[in-house]
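The values are calculated or read from the model by the stated rules, or taken from the named source; none is laboratory data. This structure is a prediction, so every number in the text was calculated from the model and none was measured. Here the Cβ positions follow ideal geometry from the backbone for every residue, glycine too, while neighbour counts run over all protein chains shown. These accessible areas exclude ligands, DNA and RNA; they are computed on the full protein's heavy atoms, side chains included. Shrake-Rupley method; radii C 1.70, N 1.55, O 1.52, S 1.80 Å.
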Amino acid sequence: MTRIIVGFLDNPEGKRALDLAIEEAQHRQAHLVIVHSLRGGDETKSQEILRYRDALEAVTARLSNLGIDHEVHEYVLGNTPAEDLLRAAKEFDADLIVIGYRRRSATNKALLGSHAHDILMGAKCPVLAVVAPQE
């Protein structure tokens, strides 16, 4: 069975990535693995984890209603999102990784790095990087 990994963020890029991953899963009759990565640590992060759990429950309900074979994984391991997505891709023997991508300036990318770039360079399978429509 085809396996698709999608990185989940509760922002326009993450929602667009999820929508396209769902389309791909339906088209390929694939198993969809939703991955949320968070570093964890302080009280603010605890509240963020709870907020994301609610968002992930809504995603799970949506996928169940659509009849898509899926599972959800939350990683709070202290890794970067790129490391967690690549780990999940290896663990689940992914055929495709879908990620949301935010437009950033070259200077911003150089100073802060890019999770998308790390995923593109480290993936052993195709990566679909999607940009949310500009508002």
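Which residue is surrounded by the most Cβ atoms within 10 Å (Cβ to Cβ), if the candidates are limited to the range 54-92 and must be part of a helix (DSSP H, G or I) and among the β-branched types (Val, Ile, Thr)?
The selected residue is 59.
Can you pull out every residue in the range 93-108 that is open to solvent by less than 30 Å² (accessible area, probe 1.4 Å) and modelled with pLDDT of 95 or more?
94, 96, 97, 98
Among the residues of the range 37-56, count how many are charged (D, E, K, R) and modelled with pLDDT of 75 or more.
Of the residues in that region, 3 qualify.
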